[in-house]
Amino acid sequence: MSKSKVIEIRWHGRGGQGAKTAALLFADAAMSLGKYIQAFPEYGPERMGAPVQSFNRLADDPITVHCGITDPQIVLVLDPTLMATVDVAQGLPKDGKLIVNTSKTPQEIRKEINLKAAQIFTVNASGIAQEKIGRNIPNTPMLGALVKVSGLLDFNEMIKNTEDKLKKKFAHKPEIIKGNLEAIKTAHDQVKGEKR
Amino acid sequence: MPTIAKTGNEAMAEAMRQIDPDVVAAYPITPATEVVMIFSQFVADGLVGTEFVAVESEHSAMSACVGAASAGCRVMTGTSSQGLQLMSEILPIASALRQPIVLCEVNRALSGPINIHCDHSDTMAVRDFGWIQLFSENAQEAYDNILQLVRITENEKVRLPGMATTDGFIISHCMEKIESLDDAEVKKYIGDFKVIKSTLDLDKPITLGSLDLQDYYFEHKMPIVEAMKEAKQVILEVGKDFGQRYGREYGLIEEYKLADAEIAMVALGSTCGTARAVIDELREKGVKAGLLKVRAFRPFPAEEIVKALAKVKAAAVLDRSDMFSNQGGQLCCEIKSAMYDLKQKPLLTNYVYGLGGREISLEDIRKIFAEQQGTASSGKVKQAVQHFGVRE
């Protein structure tokens, strides 16, 4: 019996930006929709502002591997300034997908990092977070962009699931729930790919 | 059964909450910090009735555990690496006093140089102290092993302390999907703690920790020898019963596609999961590869391992620790020792790997299996002990 493909994802951020939380949130949402999941951070020096990575695996069957992820199909960049010093496309295959939090277009990013392969997507997750949540926490809207670009989860189901979880967690702060959900939806609608 | 997303540490802390021990004495240490931190939050939130003793070192933590267990309490703690070594002085006292203390251990390299990542040196260093040792492949097994350890250690034939381990960061900080049990089910499963002797029983005063010299010390060590023999059967019974109740059966070892295997890998902990994926690939190519996962390192399942590897031509035994004896790692030495009387033995190659968290990739495991194919066809072991993945 051959097993279904395992999808591997890498998140790039800076310490304190929520790259680890993003991976955990995404895995939790995916699990609630019936997937087998893994979410784990890369542990190096834990300093605010230092480049950090976190990872996801998703599959329809149990995931047994516990080694690192070196060639993810999808890479997300929470902080575009990282791209000057970190090779965020490392290991990304030709048909891989790179999703960047930026107000620039995918074409501009491609030129900037001189990337030949992979598809590039951009979304102004920081701007959306600032507007909808009132703080620059790009990881939540990036979830919306990831669901749109990857097609791994049903968006409506994911939104409903996230809403249920937020309602439990922030029962006394309904404005947080509304802001987060709107941020995810907006990023889902606004993420743009390259014109082919 | 609720399906939850938990890291290894969260899974162990959740099991502790559901067990609701009388006393937990612990000191935080990376990567086991969260086990203690999450549990102390449960205490602060009133979710457990546990007396939490915030001590100033692991030596004190284990001392307080022994004190509380002597009083007749169900006791748990958690630690890692240097913390486990600092407990070393007290660990054999816990087993000599036949105290069923359950310890959540997160495998981490030993200093020095200082390193916070996974290897098995810490757990291996305390292997001869009369503690039961169970290794977990993933977060699910960490949760299940902690629950089963309560039953195993408290079994009246055993009454020894035990530790369940996860691999530091690889499992302790990896969130996975696990099936947990309902709180009420856990209560029912573990049952009430049976007090055999208590220092607080004023009607039957007892003395513990008294001087015991040439005349009786030896006799007083023999019950540990006997209890460890009994522990093998008890671990099997508890593991089988767990399977009947909740669908996940456990043994002393686990075989994966080993029945007809010509080449095999033997390993502990999280690497077993990565090996499974490579074995699936090899099987699709028609290579008869299999895995022998060693779950219980203490007691050591010598007969079971010998039997499981009997028909294998060549096997790679993976040790995530070195004994610095020029003989390789602990697991391989135990297996070689167990095979001494066999007329026909599989060809064993010991791979000491992954020290200080050095990555073991799918490609690494493919390479090791390819070497076993070479060994099986040539009938010769190239190098009995290899330090795999180390730069020259």
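The values are calculated or read from the model by the stated rules, or taken from the named source; none is laboratory data. No experiment lies behind these values; they were computed from the predicted model shown. FYI the Cβ positions are ideal-geometry reconstructions off the backbone, even for glycines, and counts take in every protein chain you see. Side chains are part of the model used for accessible areas, which takes the heavy atoms of the whole protein and leaves out ligands, DNA and RNA. Shrake-Rupley method; radii C 1.70, N 1.55, O 1.52, S 1.80 Å.
Among the candidates B:94, B:71, the residue that is more than 24 Å from residue A:20 (Cα to Cα), modelled with pLDDT of 95 or more, within 22 Å of the chain's Cα centre (by Cα) and of a type in the set (A, V, I, L, M) is uniquely B:94.
Results for (1) away from every other protein chain (no Cβ under 14 Å); (2) touching a residue at least 24 places away in the same chain (Cβ under 8 Å); (3) open to solvent by 40 Å² or more (accessible area, probe 1.4 Å), shown as yes or no for each residue.
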{"position": "B:13", "(1), (2), (3)": "yes, yes, no"}
{"position": "B:28", "(1), (2), (3)": "yes, no, yes"}
{"position": "B:34", "(1), (2), (3)": "no, yes, yes"}
{"position": "B:39", "(1), (2), (3)": "yes, yes, no"}
{"position": "B:72", "(1), (2), (3)": "yes, yes, no"}
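At least 3 residues being touching an Asp or Glu at 6+ places or on another chain (Cβ under 6 Å), touching a residue at least 24 places away in the same chain (Cβ under 8 Å) and open to solvent by 10 Å² or more (accessible area, probe 1.4 Å) is the threshold, and among the helices (runs of 4 or more DSSP H) wholly inside segment B:88-155 not one reaches it.
Here residue B:198 meets each of (1) touching a residue at least 60 places away in the same chain (Cβ under 8 Å); (2) under 22 Å from the mean Cα position of the chain (by Cα); (3) open to solvent by less than 60 Å² (accessible area, probe 1.4 Å) with one exception, condition (2).
If we scan segment B:363-376, do we find a residue that is within 14 Å of chain A (Cβ to nearest Cβ) and among the hydrophobic types (A, V, I, L, M, F, W, C)? So far as segment B:363-376 goes, yes, one or more of its residues are within 14 Å of chain A (Cβ to nearest Cβ) and among the hydrophobic types (A, V, I, L, M, F, W, C).
Criterion first (modelled with pLDDT under 95, of a type in the set (A, V, I, L, M, F, W, C) and under 26 Å from residue A:117 (Cα atoms)) does residue A:52 satisfy it? Yes; evaluated as a whole, the condition is true for this residue.
All conditions but one from (1) away from chain A (no Cβ under 14 Å); (2) in contact (Cβ under 8 Å) with a residue 60 or more places away in the chain; (3) in contact with a Gly (Cβ under 9 Å, 6 or more places away or on another chain) apply to residue B:320; the one that does not is (1).
The condition of being part of a helix (DSSP H, G or I), under 19 Å from the mean Cα position of the chain (by Cα) and at pLDDT below 95 holds for only one of A:136, A:161, that being A:161.
Filtering segment A:68-88 to residues that are out of contact with any Leu (no Cβ under 9 Å at 6 or more places or on another chain) and either among the charged types (D, E, K, R) or over 17 Å from residue A:9 (Cβ atoms) (or both) leaves A:79, A:80, A:81, A:83, A:84, A:85, A:87. Test residue A:148 against the stated conditions and say whether it is of a type in the set (Lys, Arg) and either assigned to a loop (DSSP other than H, G, I, E, B) or more than 15 Å from the chain's Cα centre (by Cα) (or both). No; evaluated as a whole, the condition is false for this residue.
Checking the stated criteria, residue B:260 turns out not to satisfy the condition of being charged (D, E, K, R) and open to solvent by less than 30 Å² (accessible area, probe 1.4 Å). Scanning segment B:179-190 for residues that are open to solvent by less than 40 Å² (accessible area, probe 1.4 Å) and free of Cβ contacts under 8 Å to residues at least 40 places away in the same chain yields nothing. For residue B:391, indicate whether it is basic (Lys, Arg) and within 13 Å of chain A (Cβ to nearest Cβ). In short, no. Only one of the numbered conditions (1) in the same structural domain as residue B:345 (by TED's automatic domain parsing); (2) open to solvent by 20 Å² or more (accessible area, probe 1.4 Å) is not met by residue B:222, and that is (1). Residue A:63 meets all of the listed conditions (1) open to solvent by 30 Å² or more (accessible area, probe 1.4 Å); (2) facing another protein chain (nearest Cβ under 10 Å); (3) touching a strand residue (DSSP E or B) at 6+ places or on another chain (Cβ under 7 Å) but one, namely (1). Can you find even one residue in segment B:344-357 that is in contact with an Asp or Glu (Cβ under 7 Å, 6 or more places away or on another chain), more than 14 Å from every other protein chain (Cβ to nearest Cβ) and not in a strand (DSSP E or B)? Within segment B:344-357, one or more residues are in contact with an Asp or Glu (Cβ under 7 Å, 6 or more places away or on another chain), more than 14 Å from every other protein chain (Cβ to nearest Cβ) and not in a strand (DSSP E or B). Checking the stated criteria, residue B:264 turns out not to satisfy the condition of being over 30 Å from residue B:189 (Cβ atoms), within 11 Å of chain A (Cβ to nearest Cβ), of a type in the set (A, V, I, L, M, F, W, C) and not in a loop (DSSP other than H, G, I, E, B). Just one residue in the set A:178, A:165, A:169 is in contact with a helix residue (DSSP H, G or I) (Cβ under 9 Å, 6 or more places away or on another chain) and exposed (fewer than 14 other Cβ atoms within 10 Å of the Cβ); that residue is A:169. Whether any residue in segment B:370-381 is modelled with pLDDT of 95 or more, within 24 Å of the chain's Cα centre (by Cα) and either in the same structural domain as residue B:132 (by TED's automatic domain parsing) or open to solvent by less than 10 Å² (accessible area, probe 1.4 Å) (or both) is what I want to check. No, segment B:370-381 has no match at all. All conditions in (1) within 14 Å of chain A (Cβ to nearest Cβ); (2) among the charged types (D, E, K, R); (3) open to solvent by 40 Å² or more (accessible area, probe 1.4 Å) hold for residue B:176, with the sole exception of (3). No other residue among A:37, A:9 is surrounded by 18 or more Cβ atoms within 10 Å (Cβ to Cβ) and more than 9 Å from every other protein chain (Cβ to nearest Cβ) apart from A:9.
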